[in-house]
Amino acid sequence: MKILITGGCGFIGSHIVDAYLEQGHRVTVIDDLSTGSLNNLNPRAEFIKADICSPDIETMLKNQPVDIINHHAAQINVRTSVEDPLFDAKVNIMGALNILRYGFDHGMQRFIFASSGGTVYGEPTTFPITEAFPIQPTSPYGIAKATVERYLSVFAPLHRFTVVVLRYSNVYGPRQISKSEAGVISIFIENILQRKTCMVYGNGKQTRDYVFVHDVVQANIRALASPSLTINIGTGVETSVNDLIQILSNVTDRKVAREYGPARAGEVFRNVIDPAKAASELKWHPTTVLDTGIKRTFEYFKQQDAGTNQVS
């Protein structure tokens, strides 16, 4: 199949590119490299440097037909969405619509959308969160993801394509960038390697559901042949920031310096999503426990750090 992957030089997208190519699919990657890196790009993929918001996207893609679009390009920072909601909406809503329009005109049969189980549900009072929970985002980022989901529910029957919405919990793993505020595990690991203090926003009791990137890739593989679905992709395991720091300390065999500051606007206090529907309908379940995933992630960052120091 001919697959277009937006954000295919980024953290999650690049791993999906690798997997799709391994399965024998033809893959074209769109990425503006604002957060992605050519170091992540599989050389077997066709690469087009482009902004998903560009009105010239058809020309850049040479009007090539496409069977499947896997949409991972996004503004990923909740804090940025609060500070600059116009930019967030431009990238996450208008950019998605621009890519969808290309798909409508070029034979798209399936659209896989990376949504956010960590933000679209807002602050529910019971846990774990299932797909039946109301959509009540507390940040512009969550609003944008939920808005694209609504567009997809309207466009799918109109244009006769399959939609698979994957609502990720907090994804972590190799290739995650620490420059963004979205990846606390990568940020903490880099701070540990550089012997810097880890900044905790709030009291450290806030919780997240951390899912390893290679497990997320498997969900994207299964999404290639599934019926239309909106589904949580997480572990159902809740981990506080304080507990996360302790795990990092155990894995790295280092005492982790930490400092506490004010909680950030727009971020939920507690989040853990139920993956039961993914198990029953997508035949997917996470296989990587947090300690193992963090160990693999730490080894990756340690190798990257060693390479940087050698070059310098």
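Expressed in units of 2.2 N^0.38 Å, where N is the residue count, the Cα radius of gyration of the chain is 0.96. Computed across region 193-247, the Kirkwood radius stands at 13.9 Å (inverse of mean 1/r, all Cα pairs). Once Rh for region 111-270 is found with the Kirkwood sum over Cα pairs, what is the Stokes-Einstein diffusion coefficient at 20 °C and 1.002 mPa s, in µm²/s? Result for D is 126 µm²/s. With R₀ fixed at 25 Å, the C-beta to C-beta distance from residue 194 to residue 214 puts the FRET efficiency at about 0.45. To the nearest 10 degrees, how steeply does helix 241-252 sit against the main Cα axis of the chain, on a 0 to 90 scale? The answer is roughly 80 degrees. Would you please calculate the Kirkwood hydrodynamic radius of region 77-202 over all C-alpha pairs and express it in Å, rounded to one decimal? Computed over region 77-202, the radius equals 16.4 Å. Relative to the longest principal axis of the Cα atoms of the chain, the long axis of helix 290-311 makes an angle of roughly 90 degrees.
From the cross-link list 2/145; 196/302; 90/145; 145/283; 145/205, which pairs have alpha carbons spaced over 18 Å apart? Exceeds cut-off: 2/145; 145/283; 145/205.
Going by alpha carbons, how many degrees (0 to 90, nearest 10) lie between the helix axis of 11-22 and the longest principal axis of the chain? Taking Cα atoms only, the helix is inclined about 50 degrees. Annotation: amide H of residue 171 within the under-5 Å range of 211, sequence separation 5 or more or interchain, hydrogens built in the peptide plane.
One way to sum up the overall shape of region 221-260 is the equivalent ellipsoid from its Cα gyration tensor, whose semi-axes run 36, 12, 8 Å, largest first. Restricting the calculation to Cα atoms, region 92-154 shows an Rg/Rh of 1.05 when the hydrodynamic-style radius is the Kirkwood one.
Taken together, the values in this text are just the output of simple stated rules run on the coordinates, not laboratory data. Small disclaimer: the values here were computed from a predicted structure and weren't measured. Note that we place each Cβ from the backbone using ideal geometry, even for glycine, and neighbour counts take in every protein chain shown.
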